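Data first, discussion second: the structure below is written as structure tokens.
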Amino acid sequence: TLLISLTTMLAMGYGFAANRVVVSNYLSNSISIVNADSMLDTDTISIPVGSYPLNIFVTPDNSRIFVVNQGSFDVWAIDNNALVMLTSLNTGTSTWKCKMSKDGENIGFLNYSTNDIYVYSTSQLMLKAHLVFNTRPADFLFSTVIQDEVYVIFPTGAFQVCNMITGVNSTVASFNAF
């Protein structure tokens, strides 16, 4: 019996980890890890997580799974080999955008009510930067050229280039796109 239909995958967060499909079960506060080779419900592992798991991120090397829990305002880091929780990351009280750097070294969380971004190292599971802004950012992304830079976009069209090493809200440059 197939466990996951296309409709189910579109309705929930999901990610791919090696030969596994990871699906968030929003209402049951768990994730399901399915063997992608068979896709059978007999090859499925369910892991309890925080309240209302919304998004799932998997590091490019498949070592870690990150589960964004909308209801408990945290992110669980799970070891993909042992399938155990490593730690819970504090990401503020209203995480609504999450991004992982292309190399998988950083994962960031944008909060809509506190105008800040938390950035963690995916390998060390340590806070790298807490960027705080006067106005609410609309979005952000990690630089693919300079390792520790984050581009932050604001609803006005303006954006800032922030360096995570030099501290909180260190603006390297600010531009207005309009």
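Just to be sure, is ASN35 surrounded by 14 or more Cβ atoms within 10 Å (Cβ to Cβ), modelled with pLDDT under 90 and within 18 Å of the chain's Cα centre (by Cα)?
Here the answer is no, as ASN35 does not meet what is asked.
Within 15 Å of SER123 (Cβ to Cβ) and either at pLDDT 90 or above or aromatic (Phe, Trp, Tyr) (or both), is that true of LEU89?
The answer is yes for LEU89.
Check segment 87-100 and report whether any residue there is buried (at least 18 other Cβ atoms within 10 Å of the Cβ), among the aromatic types (Phe, Trp, Tyr) and at negative phi.
Within segment 87-100, not a single residue is buried (at least 18 other Cβ atoms within 10 Å of the Cβ), among the aromatic types (Phe, Trp, Tyr) and at negative phi.
With the structure loaded, tell me whether LEU110 is surrounded by fewer than 21 Cβ atoms within 10 Å (Cβ to Cβ) and modelled with pLDDT of 90 or more or whether it fails that test.
no
Considering only residues that are at pLDDT below 90 and either buried (at least 21 other Cβ atoms within 10 Å of the Cβ) or closer than 16 Å to SER28 by Cβ (or both), which ones fall in segment 42-54?
Matches in segment 42-54: THR44, ILE45, LEU54.
Mind listing just one residue for me: the one in segment 13-31 that is part of a strand (DSSP E or B), among the hydroxyl-bearing types (Ser, Thr, Tyr) and at pLDDT 90 or above and, of those, nearest to MET85 (Cα to Cα)?
Result: SER30.
Checking the conditions here, which among GLY50, GLY104 is touching a Ser or Thr at 6+ places or on another chain (Cβ under 6 Å) and either free of Cβ contacts under 8 Å to residues at least 24 places away in the same chain or over 17 Å from ARG20 (Cβ atoms) (or both)?
GLY50
Report the residue count in segment 63-73 for those that are at pLDDT 90 or above and open to solvent by 10 Å² or more (accessible area, probe 1.4 Å).
The total comes to 2.
What is the number of the single condition among (1) of a type in the set (Ser, Thr, Tyr); (2) within 20 Å of PHE142 (Cα to Cα); (3) at pLDDT below 90 that THR59 does not meet?
The single condition THR59 does not satisfy is (3).
Go through segment 64-99 and count every residue that is under 15 Å from ARG20 (Cα atoms), without any contact (Cβ under 8 Å) to a residue 60 or more places away in the chain and not in a strand (DSSP E or B).
Residues flagged as under 15 Å from ARG20 (Cα atoms), without any contact (Cβ under 8 Å) to a residue 60 or more places away in the chain and not in a strand (DSSP E or B) within segment 64-99 amount to 3.
Return the residues of segment 119-159 that are open to solvent by 60 Å² or more (accessible area, probe 1.4 Å), assigned to a strand (DSSP E or B) and touching a Lys or Arg at 6+ places or on another chain (Cβ under 9 Å); say none if nothing qualifies.
LEU141
The values are calculated or read from the model by the stated rules, or taken from the named source; none is laboratory data. Only a predicted model underlies this, so the values are computations on that prediction, with no experimental measurement involved. Neighbour counts run over all protein chains shown; Cβ positions are idealised from the backbone, glycine included. Just so you know, the surface numbers come from the protein's heavy atoms only, side chains and all, with ligands and any DNA or RNA stripped out. Shrake-Rupley method; radii C 1.70, N 1.55, O 1.52, S 1.80 Å.
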